[in-house]
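Heads up, the thing below is written out as structure tokens.
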Amino acid sequence: MDKIIIEGGHPLHGEVRVSGAKNAALPLITATLLTPGWHTLRNVPDLRDTRTMLALLETFGVAWERDGSTLRINSENLNNCEASYELVKTMRASVLVLGPLVARMGEARVSLPGGCAIGARPIDFHLQALKNLGVEIELTHGYVGAKIDGRLQGATVYFDIPSVTATENILMAASLAEGVTVIKNAAREPEVGNLVDMLVKMGVTIEGKGSDRLTIHGQSSLQPVEIDVIPDRIEAGTYLMAVAAAGGDVTVTHCIPAHLPALLEKLRTAGLEIKEGKDTIRVTRKGPLRSVDIKTMPYPGFATDLQAQIMALMTFSKGLSVIAETIFENRFMHVAELRRMGADIRIDGHCAIVTGTGKLTGAPVMATDLRASASLVVAGLAAEGTTEISRVYHLDRGYENLEGKLIKLGAVIRREQE
């Protein structure tokens with residue numbers, strides 16, 4: 001198992017390129033299950049999670065090949081509809097195979113998913129929506145069994161809470177359904193829009209991209225396509241907060257500033273100089289940080305996947321910051337590790353009250369989930385002394401060559417085997 005060692009106190013300077021978005025690449029990969037033929041996906045990050053998803057598709061008989069950041073995938077020889085616990089347990093996004101498998105093959109058996117320990121994140125929304133489309137659902141021995149006689153039938157689906165993966169699952173299933181499906185209170189995240197773009201290229205008519213109401217006109221057959229994975233807004237945001245914490249002047253390239261409206265507003269309020277280009281964001285810190293309050297919300301609100309990082313940043317401010325987590329019930333596990341570095345953070349229900357002390361000191365800490373790992377990197381870059389982060393396999397699930405990119409910016413960081 002690897003650990004990352006960071007010598008803090010080195011400002012960051014230069015340019016850093018953002019990779020493709022993990023949370024966009026995973027549904028695009030699973031969408032290739034909908035029709036045979038070679039699909040081409042460009043800008044696909046090489047991550048633990050994308051490798052896990054490809055390994056899962058291999059068990060279905062799917063062929064794939066990678067050349068750099070370009071993936072070619074063909075599900076012509078699809079011969080298995082069961083997603084085993086051994087692969088699904090490590091990644092919640094594995095549930096995304098459920099919709100396309102049952103739509104194309106008429107059945108699927110998928111293990112209940114795992115992933116980061118940040119809350120229950122049940123898949124009830126997925127299952128009820130599939131039932132609306134005519135799917136028979138049975139839960140036995142930790143598996144979801146889904147079956148339909150004939151084609152899925154278009155229907156109206158309503159989500160009590162916008163769910164990204166549930167929206168994506170039903171988008172894919174409805175693409176091969178007979179008739180029209182309407183998803184109300186759909187997730188509006190850019191990653192959902194990326195999937196919509198792919199399905200439209202495949203031949204599906206979809207109305208309402210970027211809104212909370214999606215109308216899908218199902219087709220009897222689809223065609224393979226070429227598609228680009230959008231840039232990773234969470235990776236971009238992590239670099240912005242790393243610079244905000246450590247100081248310096250960095251331009252984040254190959255990103256989409258419009259995908260980070262809430263974060264950019266908060267960083268400006270915190271005293272950072274932010275300059276947006278067409279596909280770049282330049283961040284400069286010249287003075288002390290001001291505290292800001294945060295409330296995570298579905299897009300276009302402040303992303304829950306950036307909550308841990310901005311909490312680490314607020315420990316370096318002078319003042320009181322209240323961070324409210326409304327998406328996941330157990331997403332403050334990084335607090336204990338930040339306290340080991342000297343952070344003054346108090347938990348009150350779904351809120352974390354951060355009293356900025358202006359500094360942290362390096363310490364041995366342990367990553368508990370993907371974004372918590374990133375928050376410890378942000379903290380370590382700006383802390384006094386050396387920080388050792390163990391269990392960094394979480395980082396490898398969602399960040400491509402994180403330490404390599406930070407080294408190019410002037411960070412003193414290295415990876416070692418524990």
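The values are calculated or read from the model by the stated rules, or taken from the named source; none is laboratory data. Bear in mind that the values here come from a model prediction, so they are computed numbers and not experimental data. Counting neighbours? That spans all protein chains shown, and the Cβs are built from the backbone with ideal geometry, glycine included.
Among the residues of the range 317-363, the ones that are closer than 17 Å to Ile294 by Cα and of a type in the set (Gly, Ala, Ser) come to 7 in all. Applying the condition of being closer than 22 Å to Met91 by Cα and touching a Ser or Thr at 6+ places or on another chain (Cβ under 7 Å) to the range 356-375 and asking which residue is surrounded by the fewest Cβ atoms within 10 Å (Cβ to Cβ) yields Met366.
Apart from one condition, Gly145 fits all of (1) within 22 Å of Val225 (Cα to Cα); (2) out of contact with any Leu (no Cβ under 7 Å at 6 or more places or on another chain); the exception is (1).
Residues of the range 2-53 being surrounded by fewer than 18 Cβ atoms within 10 Å (Cβ to Cβ), assigned by TED's automatic domain parsing to the domain that holds Leu222 and at positive phi, which ones? The one that is surrounded by fewer than 18 Cβ atoms within 10 Å (Cβ to Cβ), assigned by TED's automatic domain parsing to the domain that holds Leu222 and at positive phi: Gly37. Residue check: Arg371 meets all listed conditions (1) at pLDDT 95 or above; (2) closer than 28 Å to Asp249 by Cβ but one, namely (1).
If I filter the range 312-319 for residues that are within 15 Å of Ala262 (Cβ to Cβ), in the same structural domain as Ser390 (by TED's automatic domain parsing), assigned to a loop (DSSP other than H, G, I, E, B) and polar (S, T, N, Q), do I get at least one hit? No, every residue in the range 312-319 fails to be within 15 Å of Ala262 (Cβ to Cβ), in the same structural domain as Ser390 (by TED's automatic domain parsing), assigned to a loop (DSSP other than H, G, I, E, B) and polar (S, T, N, Q). For Gly287, indicate whether it is surrounded by fewer than 17 Cβ atoms within 10 Å (Cβ to Cβ), modelled with pLDDT of 95 or more, part of a loop (DSSP other than H, G, I, E, B) and not hydrophobic (A, V, I, L, M, F, W, C). No.
When the residues of the range 312-324 are filtered to those that are of a type outside the set (A, V, I, L, M) and modelled with pLDDT of 95 or more, which remaining residue is surrounded by the most Cβ atoms within 10 Å (Cβ to Cβ)? The selected residue is Thr315. Within the span defined as the range 41-63, one or more residues are over 18 Å from the mean Cα position of the chain (by Cα) and either of a type in the set (Lys, Arg) or under 24 Å from Asp2 (Cβ atoms) (or both). Put simply, of Ile170, Ile137 the only residue that is free of Cβ contacts under 8 Å to residues at least 60 places away in the same chain and either part of a strand (DSSP E or B) or of a type outside the set (S, T, N, Q) (or both) is Ile137. Annotation for the range 222-231: no member residue is free of Cβ contacts under 8 Å to residues at least 60 places away in the same chain and of a type in the set (S, T, N, Q).
Meeting the requirement of 1 or more residues that are in contact with a strand residue (DSSP E or B) (Cβ under 9 Å, 6 or more places away or on another chain) and of a type in the set (S, T, N, Q), the strands (runs of 3 or more DSSP E) wholly within the range 176-230 are 180-184, 205-207, 213-217.
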